[in-house]
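The values are calculated or read from the model by the stated rules, or taken from the named source; none is laboratory data. Everything numeric here is computed off the predicted structure, so don't read it as measured data. Heads up, the Cβs are rebuilt from the backbone with ideal geometry, glycines too, and the neighbour counts pull from every protein chain shown. Note: accessible area is taken over every heavy atom of the protein model, side chains too, but ligands, DNA and RNA are not part of it. Shrake-Rupley method; radii C 1.70, N 1.55, O 1.52, S 1.80 Å.
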Amino acid sequence: MFGYRVPAPDQAMLISGGRRGLGGAPFRVVTGHGKFVLPVFRKTRFLTLSMCESEVTETCVTKQGISLHVRAVIAFKVGNDTESIINAGQRFLSDQDQMSVLTGRIFAGHLRAIIGSMTVEEIVTERQKLAAEVLDTSKTEMAKIGLIVDSLQIQSIDDGDTGYIDAMSAPHKAAIQRQAQIAQAQATQVAVEAEQVAARNQAEYARQTAVVKAEYSAEVDRAQAQAAQAGPLAQAHAQQEVLAAQTELAQKQAALRQQQLVAEIVKPAEAEAERIRVLAVADAERMKIQAEAAASHDRVALDRMLIDQLPQIVKEAAGGLAGANVNVLNGADGLGEIAAGLVAQGLTILDSVRQNLNGQSPDTRPDKADAPLALQGYTRAPDEDTQQAGPDNGRTGQA
């Protein structure tokens, strides 16, 4: 709209003409909003409220008489209150660049004054104290011209070619270098120890790995050896069992053969011995009876006694053979043959006696040597024994 003016956010609008401003100022101050200004009758100007910067480079002499080149940067602006705007507007409205020049000169003077009361050591080590003192001493003057200082930074302090600061810092540099060397040595020692520990750990790990590998290899070798021996061991056990079975079988065969030998040889021999003993006893008994009969000249009594004793003799002979363990190869037929032979022998003796009683010649009687042949009838063929024993059995029936 024609005649309506609005200042920027970082500006203050100064309206001159018409009535005066606050405190008798020749203009009115408008910030943050617009204002209707009559053309021709009113005049408006704008004062910046933004941040400004001023750089100071000054050669100052310290309390010790040592020249120092100090470089500082001041950040300032026009105050936000109406009074500061009026003060700054009356001084810098026509040439606002003069604010930086004037501020730098003000701070240069205060900087020289404060550095002159301090030593190089204090200036170097207490820069913040130096900046605070400069701000405090310049605050009143800056307020008079409507400016406020936001910060003061001492950027550099240099003593030129005198070398005072370097000399002052030499012990610290040496100490720092010594500490750096010590730290480097300690770091190297720690690194070496760490390397040694790592090497020991690697060696220990390698040793443990080798031991484990050796154990595994030994287990594998044992397993392979056991597997390789399993077949021969199994075969050996099988052969041992076979040998044990063969040994047991051989023992059983030997025992069976022994029993067979006893049955085939010993028992028949014992039976033959018993048969011979019985025949010998019978023959001795017969001889005894004949001797007694001859001595008493009683032939008839002798024959009668012989006839009476003959069945008992045959019975005793049969009983002796019955108690013997005779192995007969022909089974039941063989036993029948033995019994038939005993009966035939008895009947032959009885028939011889009867012939003697009837007056027959003694030459026709059976000889003593025929008695064993009669008892050996069980060894003859079955047909011959049957033919020989037939008549005797008829005679036995007669008896």
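Applying a DSSP loop filter and a limit of 11 other Cβ atoms within 10 Å to the GluC sites (Glu not before Pro) in the stretch 138-204 leaves nothing. With Cα atoms as the point set, the radius of gyration and Dmax of the stretch 109-189 evaluate to 18.7, 64 Å. Maximal additional length on extending the residue 201-residue 248 stretch stands at 10.3 nm, based on 0.36 nm per residue less the C-alpha distance.
In the complete set of protein chains, residue-level accessible area for residue 211 is approximately 60 Å², probe 1.4 angstrom. Leaving out same-chain residues fewer than 8 places away, which lysines sit with a Cα under 22 Å from that of residue 288? Qualifying lysines at Cα under 22 Å: 315, 368. Among the protein heavy atoms of the stretch 79-233, carbon and sulfur supply 54% of the accessible surface, probe 1.4 Å, non-protein parts ignored. Taking every protein chain into account, the 1.4 Å probe leaves residue 36 with about 110 Å² of accessible area, to the nearest ten.
Summarising the label geometry, the points placed 7 Å from Cα in the beta-carbon direction at residue 283 and residue 210 lie 10.2 nm from one another. Taking amide H atoms as placed 1.01 Å from N in the peptide plane, the amide H of residue 77 lies under 5 Å from those of 52, 148, 150, each 5 or more residues away in sequence or on another chain. Surface listing: 164, 216 arranged by accessible area from highest to lowest gives 216, 164, probe 1.4 Å. Give, as a single signed number, the net charge of other residues whose beta carbon lies under 12 Å from the beta carbon of residue 124, with Lys and Arg counted +1 and Asp and Glu -1. So the environment of residue 124 carries a net charge of -4.
Sequence-ordered 3J(HN,Hα) estimates for the stretch 266-272 from the Karplus curve with 6.51, -1.76 and 1.60 and θ = phi - 60° stand at 5, 5, x, 5, 5, 5, 4 Hz, glycine and proline given as x. Averaging the Cα positions of each part gives two centres, and for the stretch 62-77 and the stretch 126-155 these lie 12 Å apart.
From the alpha carbon centroid of the stretch 251-300 to that of the stretch 87-115 is 173 Å. Once all protein chains are placed together, residue 81 keeps about 70 Å² accessible to a 1.4 angstrom probe.
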